[in-house]
Structures are given as structure tokens and as C-alpha cells.
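Trainee: After the C-alpha cells below, expect a handful of questions from me.
The values are calculated or read from the model by the stated rules, or taken from the named source; none is laboratory data. Predicted model only: the values in this text are computed from it and were never measured. As a convention, Cβ positions derive from the backbone with ideal geometry for all residues, glycine included, and neighbour counts pool all protein chains shown. These area figures cover heavy atoms from the full protein model, side chains too; ligands, DNA and RNA do not enter into them. Shrake-Rupley method; radii C 1.70, N 1.55, O 1.52, S 1.80 Å.
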Amino acid sequence: MQVIEIDGFISFTLAIVLLFIGKFATMRYQVLQKYSIPEPVIGGFICAIFIATLYALFDLTIEFDLAIRDTLLLYFFAGIGLSASFKTLISGGKPLFILTLLAVIYIVLQNIVGISIASLLGLEPLLGLMAGSISLIGGVGTTMAWSPTFAEMGIESAAEVGLAANTLGLISACLVGGPIANYLIKKHKLSPNSDHNLDIGVCHNETTKLDHFGYLYAWLMLNLSLILGYFINIGFGTIGLQLPMFVACLVAGILIGNGKSFLFRKENSQNEKLGQALISDICLGMFLTMALMGLQLWQLQSTIVFLATVMFFQLSLSIAFTVWIVFRFMGKDYEAAVISSGFGGITLGSTATAIVNMTAVTQQYGAAHKAFIIVPLVCGFFIDIANALIINTFISVNL
């Protein structure tokens with residue numbers, strides 16, 4: 001087998017081209033806008049299919065250097081923080097608690113599904129955790145972190161199953177959020193938000209004007225947020241709290257954005273907000289494009305029966321729980337529909353897929369400021385802690 005490694009600069013440039021393809025496709029085909037299919041999904045998945053075809057036909061593996069990808073995610077979350085006001089944070093207190101509780105319940109249900117399907121197919125029950133919250137909510141990092149533990153228990157295929165489940169989950173997460181929100185909005189005749197000042201990106205078919213000052217100022221604020229986030233992350237570590245770096249950048253953005261408003265007694269101008277929204281949108285789009293273009297779809301083939309079965313039930317659980325439970329408990333309004341699109345993303349993919357789903361929905365229907373505070377905090381902070389505790393409990397009970 002021949003392996004070709006693509007360096008970081010070329011990989012980054014290719015991701016730009018693929019994101020352009022996604023944006024042009026969304027502009028060209030109204031059905032993609034109607035169901036709020038995220039733009040990065042289109043180009044990224046086309047690349048993944050092309051790479052898989054090369055592997056199948058010529059036994060050729062293409063590997064991309066995607067080191068820059070994680071930095072793009074930091075810019076995105078810093079932008080979320082900069083646009084968040086303390087007033088919005090306070091108003092999100094009760095919904096934040098409710099969504100966290102629902103996420104905890106869902107993690108338990110997701111792992112029960114994984115263990116049950118593994119048992120029914122005659123596999124080691126604990127292997128089901130790798131097709132549960134470890135890979136779907138936890139992502140690649142959590143999957144690789146738990147793989148040695150499973151190997152010590154004699155489950156050698158755990159990492160392979162986890163990575164394959166994460167691949168299928170990531171694809172499903174990108175496709176399910178928009179249709180969920182569209183269904184809820186149409187079914188319940190919800191009134192979209194007339195506010196087009198989005199937290200991320202701009203609305204479809206809307207022209208924008210951004211001057212050099214607005215762009216540079218936004219870039220400066222984002223960089224300062226990343227620098228402060230670095231020190232906040234160190235502070236978290238000194239007290240024994242190990243959290244993803246993007247959580248620290250989110251907190252830093254909140255502190256800088258609100259601190260600046262308090263000191264100068266004025267809100268950011270529309271030009272400054274637009275700069276932050278556009279840069280954040282591009283960074284998120286590039287992150288997800290690079291995540292999808294790096295998928296190695298052929299890894300699915302060895303465990304296809306188990307994965308196809310378990311992912312069918314995991315996808316069904318995600319849709320049912322989101323539509324019937326999350327939407328109702330979050331208020332049954334437009335904000336609840338946007339939050340539901342994000343919840344559909346996090347239950348199968350990652351924090352990034354949750355946010356990109358909400359971005360696609362708000363670009364179609366209008367702003368949802370509370371959703372862009374509640375979902376990142378639940379996904380990036382509370383859910384990681386809850387997931388680790390629940391996984392440990394399931395392993396202890398099943399040993």
C-alpha cells in the first residue's frame with residue numbers, strides 16, 4: 001500500500017477550495033438551504049469519498065496534515081465568547097441547567113443502546129460503549145484516551161470500533177440537525193427571528209460591508225482572547241481541572257467582550273460584530289471541512305454489521321429524544337428549535353457539529369443568541385465531565 005502525505009499548507013489550501021464548493025452548492029441548490037445542510041459538509045464529504053475511491057481502486061492512502069485545524073476551533077469559540085453578554089448568560093441560567101440534565105440522561109440512554117446491541121450480536125457488551133458516548137459525544141480524543149483501558153480488558157478492537165463509530169456519527173450529526181430544526185419550525189409554525197445580526201456568519205442572500213478597521217479590530221480581539229485563554233487554561237490545570245482548550249478561549253472571549261463594554265460604556269459597533277461573526281464562521285467552516293476531508297471511510301468495513309445496526313438505533317434515539325424531549329423542555333419556541341439542531345449535532349458528533357448545525361439554521365431563519373451561549377457551555381464544559389463519570393460507572397458495573 002502506498003501512502004502519500006499532504007503537507008499542512010496544501011491541506012489548508014485544499015480545505016479553502018472545498019469550503020468554496022460547499023458555499024457555491026448551497027447558493028445554487030435551494031434544497032440545501034431549506035434543510036439547513038452545513039456548507040462544510042458538502043466539500044469535505046466529497047473529498048472523503050474521493051480519497052476512499054483512490055484507496056479502493058489503487059490501494060493508495062492519502063493523509064493530510066491537519067495540525068492547524070484545532071487552532072481554527074479556538075478562534076471560533078473565542079468569537080462566540082466575544083459576542084456573548086452577561087445579560088444573555090444570566091437569562092440562560094435555567095435553560096442551561098435543564099439542557100445539562102437532559103444531556104446527562106441522554107448519555108446514559110446512548111450507552112444502554114450501545115451495550116444492548118453489542119450483547120444481542122454476541123459481542124463483548126462493553127464494546128458497545130465504544131459505539132456509545134465514548135465515540136459519539138466524546139469524539140476522537142475520548143476514544144483514543146479510553147482505548148488502552150479496553151485493550152487491558154482484552155477488547156483489542158475497541159479503538160477501531162470507536163473511530164469507525166465516530167466517523168459515521170460525525171457524518172450523521174452534520175446531516176440531522178438542520179432537518180430537525182426545519183421540521184420543528186414548520187410543524188409548530190414557529191416565527192423565525194427578524195434579527196439578522198447573527199452570532200456566527202451572515203444570513204443567506206444578504207450582502208454585507210466590512211471595512212479594514214472592522215476586520216483588523218475583530219482579528220485583534222480574537223487573538224487577545226486566545227492569549228488570555230492560554231493563561232486561563234493553565235489556571236484550570238493548577239486546580240486540577242482538565243478541560244478542552246476551546247473552553248478556556250470561550251471564557252476569555254466572554255471576559256474580554258464584557259469587560260470592554262463595561263470599561264468603555266458602549267457596545268461593539270455593527271462593523272466590529274460583523275468582523276467577529278465572519279471570521280468565526282470561516283474558522284468553523286474550515287475546521288469541519290478539514291475534519292471531514294480527513295475521514296478514512298474504509299475503516300468502517302471490518303465492523304460494518306455491528307456499526308450499521310448500532311448507528312441506526314443511535315440515530316433514531318437522537319432524533320426522537322431531540323424532537324420529543326429537548327424541544328419541549330427548552331420552551332417549544334424558535335430558540336428551542338435552534339438548540340435542538342445543536343443537540344442533534346452533539347449527540348452524534350462533536351461540539352463543532354452542534355454549532356455548525358445551529359449556524360446553518362440561523363443563516364436560514366435568523367439569530368438565536370441564547371442558543372449560542374447555552375449549547376457551547378453544555379457541550380464544551382458540563383457534558384465532558386458528566387460523560388467521564390458515566391463511562392466509569394458503566395465500566396465498573398459491567399466488569
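Trainee: If ligands, DNA and RNA are left out, what is the accessible area of residue 283 with a 1.4 Å probe, given in Å² to the nearest 10?
Mentor: Here the residue's solvent-accessible area equals roughly 10 Å².
Trainee: In addition: Which whole-number value in Å² is the accessible area per residue of the chain, probe 1.4 Å?
Mentor: For the chain, the solvent-accessible area averages 44 Å² per residue.
Trainee: Still on this model: With a cut-off of 8 Å between alpha carbons and a minimum separation of six or more residues, what is the relative contact order of the chain in percent?
Mentor: Once divided by the residue count of the chain, the mean separation gives 31 percent.
Trainee: On to the next question. Taking the Cα centre of each part, how many Å lie between segment 111-137 and segment 322-399?
Mentor: What the calculation gives is 21 Å, centre to centre.
Trainee: In nm, to one decimal, how far is the modelled label at residue 392 from the one at residue 332, with both set 7 Å along Cα→Cβ?
Mentor: If labels sit at residue 392 and residue 332, their model points lie 3.9 nm apart.
Trainee: Separate question: Under a plain spin-label model, where a point goes 7 Å from the Cα along Cα-to-Cβ, how far apart in nm are residue 49 and residue 385?
Mentor: Taking the two extended label points, one gets 4.3 nm.
Trainee: Compute the acute angle (0 to 90°) between the alpha-carbon long axis of helix 270-293 and the principal axis of greatest extent of the alpha-carbon atoms of the chain; round to the nearest 10°.
Mentor: 10 degrees
Trainee: A further question on this structure: Roughly how tilted is helix 304-321, in degrees to the nearest 10 and between 0 and 90, from the longest Cα axis of the chain?
Mentor: Result, in degrees: 40.
Trainee: Hey, another quick one. Out of 29, 66, 191, whose Cα points farthest toward the positive end of the dipole of the chain (charges: +1 Lys, Arg; -1 Asp, Glu; placed on Cβ)?
Mentor: Of 29, 66, 191, it is 191.
Trainee: In whole percent, and with a 1.4 Å probe on the protein chains, what portion of the accessible area of segment 1-90 is carbon and sulfur?
Mentor: 69 percent
Trainee: Let me have the 222 nm mean residue ellipticity of the chain computed from DSSP H runs of 4+ only, each contributing -39500 (n - 2.57), with the sum over all residues rounded to the nearest 500.
Mentor: -23500 deg cm²/dmol
Trainee: Over 26 Å between C-alpha atoms is what I'm after, so list which of 189/273; 23/189; 34/187; 34/94 land there.
Mentor: Flagged as over cut-off: 189/273; 23/189; 34/94.
Trainee: A further question follows. What angle, in degrees between 0 and 90 and rounded to the nearest 10, separates the Cα long axis of helix 93-120 from the longest principal axis of the Cα atoms of the chain?
Mentor: That works out to roughly 20 degrees.
Trainee: Now a separate question. Pick out, from 144, 317, 369, the residue whose Cα sits farthest towards the positive end of the charge dipole of the chain, with +1 on the Cβ of Lys and Arg and -1 on the Cβ of Asp and Glu.
Mentor: Going by the Cα projections, it comes out as 369.
Trainee: Right, next: Under a 5 Å amide H to amide H cut-off, with H placed in plane at 1.01 Å, what residues pair with residue 64 once short-range neighbours are removed?
Mentor: When sequence neighbours closer than 5 places are left aside, the close amide H contacts are 6.
Trainee: Charges only on Cβ, +1 for Lys and Arg, -1 for Asp and Glu: so what's the dipole of the chain about the Cα centre, in debye to the nearest 20?
Mentor: Its charge dipole is roughly 1540 debye.
Trainee: For the residue pair residue 25 and residue 239, what label-to-label distance in nm results when each label sits 7 Å from Cα along the Cα-to-beta-carbon direction?
Mentor: So the label points at residue 25 and residue 239 sit 4.4 nm apart.
Trainee: Send over the per residue convex hull volume for the chain, Cα only, as a whole number of Å³.
Mentor: 146 Å³
Trainee: Further, regarding this structure: Below 8 Å between Cα atoms, with a sequence gap of 6+, how large is the relative contact order for segment 249-399 in percent?
Mentor: Relative CO of segment 249-399 lands at 15 percent.
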